[in-house]
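Asker: Here it is, the structure, as structure tokens.
Read the figures in this text as sums done on the coordinates, not as results from a lab. The model shown is predicted, which means the values in this text are computed figures rather than measured ones. Here the Cβ positions follow ideal geometry from the backbone for every residue, glycine too, while neighbour counts run over all protein chains shown.
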Amino acid sequence: MQRTKIKEILYSDKLDYECVVKGWVRSFRNNQFIAVNDGSCLDSLQIVVDSNNTDKDILDHITAGASVSARGIIKASLGKGQKVELIADSLEVLGRCDPDHYPLQLKNRPSLEYLREHAHLRMRTHVFGAIFRVRHSLAFAVHEFFHKKGFVYLNTPIITASDAEGAGEMFQVTTLDLNNVPRKEDGSVDYSEDFFGRSTNLTVSGQLEGELGALALGEIYTFGPTFRAENSNTTRHLAEFWMIEPEMAFYDLAENAQLAQEFIQYVIQYVLDHNRADLEFLDQRLAEEEKQKPQNERSEFSLLEKLRMVTANSFEKITYTEAIDILLKSKPYQKKQFKYDVSWGTDLQSEHERYLVEKHFKKPVIVTDYPKEIKSFYMRLNDDEKTVAAMDILAPGIGEIVGGSQREERLDVLESRMQEMNVPVEEMSWFLDTRRFGTVPHAGFGLGFERLVLFATGMTNIRDVIPFPRTPKSANF
Ligand code: 4AD
Ligand code: MG
């Protein structure tokens, strides 16, 4: 008999049918009630065993973490707390789990820090089960959104020879023997002997190749892993993260911003519609975490309220110059409570972004037209020649969730911007071909997938929303 997933059993009104259930024991009470979870949903199914007619050897090995298979009849439950239960007529332990050594065998609920150290097992807990089911739904919704709009899913390379952001934060890829590096006469490394015959790195962004796609297919998106060797040990940065990068021919900055808003609203609405139980559980978790904080640091809104606010209201749109004005007039600035200074020309720090979103506007904010010096070479120069057609979207509790721009489509302007910013013009000739041959106005953005999952789940550390986080000095599992 094929196994039935617990989700199917719990989310149906059917009764009095035979089935087989397989999963992992969460708890065993009174030598009679086993809570079994199979990962298909948050809730466990109660399996009722007749201990008088069950082998003692089996009963002795029903411990938290053990895997079991049970066959029986689904009946309406007499007890409180569940609608149905499985009355078992046969029960088998598939894999024992020694309670003295099982890392999740804890009396108190394990802390997130403890679970991070046991990331290979943490998906078995309620909280991580919920997070990764929500993460899956978000990924599915991303593809659904763009597919419905007729965008082409384009796979851009993971190994590349270019630095798409021009920021030099790349992991090198090489098969050279590091103990015996071939050198040229001048002493520099001879990459002609390397695997690709040149120096290569892991991609920081698929944007440049995405632009090639958009200027042929019209509208494309990428959804893949990206890598940054930036040494930032924060709750918002990973060395390996997933990014969604749409790129659209014939879009200007305003249309780009409109698409980004619609996109975020769509994927959040999708999880509200499809992951109710998981989100309610995460909402509770966040409420408990908030209770530990002093009153003045607590969030005004619950997770579900925050998600509904994002889907129901349009985002605020301001220019960088307006943002600076608001910050200069703000209480924390005047009371010198910001750690970093505010002045036109310097980048907004996380504390500034959070003030704008959480205190001032109380909703997501799209900041546009940043000074050209603090943004990448490919952004379109505005007529003032001081700012570029950039946009960052700032989300409550997260800060920057999206970075994008209208692209510089004018060959001469782009070339001189590249020279100004020390981006190798010769090596990027393939990229400049789009501007040489049939260039068009175009735009795009990148959304950091883990930052979206952080927002949707109300978690506060980015290490908790990717199954196996990679951060400075840490690449376990
Ligand atoms: O702002 P970024 O660096 O923009 C780009 O890479 C552009 N090429 C995107 C484009 O226009 N196609 O990164 C985009 C987003 C950020 O807003 C943030 O959400 C996320 O990627 N991000 C990170 N997420 C986790 N860890 C990191 N180290 C991240 N760096 C950026
Ligand atoms: Mg950015």
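Asker: What is the number of the single condition among (1) more than 15 Å from ligand 1 (Cβ to nearest atom); (2) under 23 Å from Asn256 (Cβ atoms) that Val423 does not meet?
Answerer: The single condition Val423 does not satisfy is (1).
Asker: Also: Out of the residues in segment 370-396 that are more than 15 Å from ligand 1 (Cβ to nearest atom) and acidic (Asp, Glu), which is surrounded by the fewest Cβ atoms within 10 Å (Cβ to Cβ)?
Answerer: My answer is Asp383.
Conditions (1) within 12 Å of ligand 1 (Cβ to nearest atom); (2) farther than 26 Å from Thr471 by Cβ; (3) surrounded by fewer than 23 Cβ atoms within 10 Å (Cβ to Cβ); (4) of a type in the set (A, V, I, L, M), marked per residue:
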site	(1), (2), (3), (4)
Ala229	yes, no, yes, yes
Thr235	yes, no, yes, no
Ala239	yes, no, yes, yes
Trp242	yes, no, yes, no
Pro246	yes, yes, no, no
Ala254	no, yes, yes, yes
Gln261	no, yes, yes, no
Tyr266	no, yes, yes, no
Val271	no, no, no, yes
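Asker: Quick one: in segment 192-211, which of the residues that are closer than 28 Å to Glu247 by Cα and in contact with a Pro (Cβ under 7 Å, 6 or more places away or on another chain) is surrounded by the fewest Cβ atoms within 10 Å (Cβ to Cβ)?
Answerer: Only one residue fits best here, namely Glu209.
Asker: Given the criteria among the polar types (S, T, N, Q) and either more than 28 Å from Glu169 (Cβ to Cβ) or in contact with a strand residue (DSSP E or B) (Cβ under 6 Å, 6 or more places away or on another chain) (or both), does Thr368 qualify?
Answerer: Working: among the polar types (S, T, N, Q): yes; either more than 28 Å from Glu169 (Cβ to Cβ) or in contact with a strand residue (DSSP E or B) (Cβ under 6 Å, 6 or more places away or on another chain) (or both): yes.
The answer is yes for Thr368.
Asker: For segment 435-477, give me the residue count where each residue is among the hydrophobic types (A, V, I, L, M, F, W, C), within 14 Å of ligand 1 (Cβ to nearest atom) and over 19 Å from the mean Cα position of the chain (by Cα).
Answerer: The initial filter retains those residues of segment 435-477 that are among the hydrophobic types (A, V, I, L, M, F, W, C), namely 437, 440, 443, 445, 447, 449, 452-456, 459, 462, 465-466, 468, 475, 477.
Filter once more, keeping what is within 14 Å of ligand 1 (Cβ to nearest atom): 443, 445, 447, 449, 452-456, 459, 462, 465-466.
Within this subset, residues satisfying the condition of being over 19 Å from the mean Cα position of the chain (by Cα) are 443.
Number of matching residues: 1.
Per-residue answers, yes or no, for (1) in a loop (DSSP other than H, G, I, E, B); (2) more than 14 Å from ligand 2 (Cβ to nearest atom); (3) touching a residue at least 40 places away in the same chain (Cβ under 8 Å):
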{"site": "Thr368", "(1), (2), (3)": "no, no, yes"}
{"site": "Glu373", "(1), (2), (3)": "no, yes, no"}
{"site": "Leu394", "(1), (2), (3)": "no, no, yes"}
{"site": "Gly403", "(1), (2), (3)": "no, no, yes"}
{"site": "Met418", "(1), (2), (3)": "no, yes, yes"}
{"site": "Arg435", "(1), (2), (3)": "no, yes, no"}
{"site": "Thr439", "(1), (2), (3)": "yes, yes, yes"}
{"site": "Ala456", "(1), (2), (3)": "no, yes, yes"}
{"site": "Arg463", "(1), (2), (3)": "no, yes, yes"}
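Asker: What is the residue count in segment 405-416 for residues that are within 16 Å of ligand 1 (Cβ to nearest atom) and either of a type in the set (D, E, K, R) or free of Cβ contacts under 8 Å to residues at least 60 places away in the same chain (or both)?
Answerer: Kept after step one, since they are within 16 Å of ligand 1 (Cβ to nearest atom), are these residues of segment 405-416: 405-409, 414.
Still in the running and either of a type in the set (D, E, K, R) or free of Cβ contacts under 8 Å to residues at least 60 places away in the same chain (or both): 407-409, 414.
Of the residues in segment 405-416, 4 are within 16 Å of ligand 1 (Cβ to nearest atom) and either of a type in the set (D, E, K, R) or free of Cβ contacts under 8 Å to residues at least 60 places away in the same chain (or both).
Asker: Against the definition (more than 16 Å from ligand 2 (Cβ to nearest atom) and among the polar types (S, T, N, Q)), how does Ser343 come out, yes or no? I'd like the intermediate steps shown before the answer.
Answerer: On the way: more than 16 Å from ligand 2 (Cβ to nearest atom): yes; among the polar types (S, T, N, Q): yes.
The answer is yes for Ser343.
Asker: Then there's this: Out of Gly150, Gly129, Gly166, which single residue is surrounded by 15 or more Cβ atoms within 10 Å (Cβ to Cβ) and either outside any helix (DSSP H, G or I) or not small (Gly, Ala, Ser) (or both)?
Answerer: Details: Gly150 fails: surrounded by 15 or more Cβ atoms within 10 Å (Cβ to Cβ); Gly129 fails: either outside any helix (DSSP H, G or I) or not small (Gly, Ala, Ser) (or both).
Criteria check complete, one pass: Gly166.
Asker: Take the conditions among the hydroxyl-bearing types (Ser, Thr, Tyr) and closer than 29 Å to Leu212 by Cα and apply them to Thr439. Does it pass? Reasoning before the result, please.
Answerer: Details: among the hydroxyl-bearing types (Ser, Thr, Tyr): yes; closer than 29 Å to Leu212 by Cα: yes.
Yes, satisfied.
Asker: If I filter segment 193-212 down to residues being part of a helix (DSSP H, G or I) and under 24 Å from the mean Cα position of the chain (by Cα), which single residue comes out as farthest from ligand 2 (Cβ to nearest atom)? Step through it out loud before you land on a result.
Answerer: Here is the first cut: in segment 193-212, the residues part of a helix (DSSP H, G or I) are 193, 207-212.
Cutting the leftovers down to under 24 Å from the mean Cα position of the chain (by Cα) gives us 207-211.
Details: Gln207: 11, Leu208: 16, Glu209: 19, Gly210: 16, Glu211: 17 Å.
In this case the residue turns out to be Glu209.
Asker: Here are some residues: Asp100, Asp89. Which one is surrounded by fewer than 15 Cβ atoms within 10 Å (Cβ to Cβ) and either part of a loop (DSSP other than H, G, I, E, B) or touching a residue at least 40 places away in the same chain (Cβ under 8 Å) (or both)?
Answerer: Numbers: Asp89 fails: either part of a loop (DSSP other than H, G, I, E, B) or touching a residue at least 40 places away in the same chain (Cβ under 8 Å) (or both).
Unique residue meeting the criteria: Asp100.
Asker: Looking only at segment 287-302, decide whether some residue is of a type in the set (A, V, I, L, M, F, W, C), crowded, with 21+ Cβ neighbours inside 10 Å and either assigned to a helix (DSSP H, G or I) or more than 19 Å from the chain's Cα centre (by Cα) (or both).
Answerer: no
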